[in-house]
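Colleague: Structure provided below as structure tokens; questions to follow.
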């Protein structure tokens, strides 16, 4: 793994709930995908049943916390078999200092929350001009 790729893998460090699982209430943990782009990391979380108004995204002391509240729609009829839970979603990540947390952008579309986590200017590749 190159140094840059190793840095990308640690930009979003171990999920914070693994560090403090015993202190959290029972929440459903949404599936996540993380990819690196040139100027940012992109975090996608699957949260079916959550609307834009049901999302809370906070950053506190380099910890990114995402909470998704499902809309409380009562199904019609009597459940015969049910695998889905009515629980809300919660997931936390420890942010690497290479992320500019003041410029995080969030978008919710079709049950997928997409967070764009811009890289700090200090780690972005830049071209240096050679003086005459």
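The values are calculated or read from the model by the stated rules, or taken from the named source; none is laboratory data. Because the structure is predicted, anything quoted here is derived from the model rather than measured. With ideal geometry, Cβ positions are generated from the backbone for all residues, glycine too; neighbour counts draw on all protein chains shown.
Colleague: Would you call residue 35 modelled with pLDDT of 90 or more, surrounded by fewer than 11 Cβ atoms within 10 Å (Cβ to Cβ) and on the phi < 0 side of the Ramachandran plot?
Modeller: yes
Colleague: Looking at the range 5-12, can you tell me whether even one residue there is out of contact with any helix residue (DSSP H, G or I) (no Cβ under 7 Å at 6 or more places or on another chain), modelled with pLDDT of 95 or more and either exposed (fewer than 15 other Cβ atoms within 10 Å of the Cβ) or assigned to a helix (DSSP H, G or I) (or both)?
Modeller: Checked against the condition, which is being out of contact with any helix residue (DSSP H, G or I) (no Cβ under 7 Å at 6 or more places or on another chain), modelled with pLDDT of 95 or more and either exposed (fewer than 15 other Cβ atoms within 10 Å of the Cβ) or assigned to a helix (DSSP H, G or I) (or both), the range 5-12 yields no hits at all.
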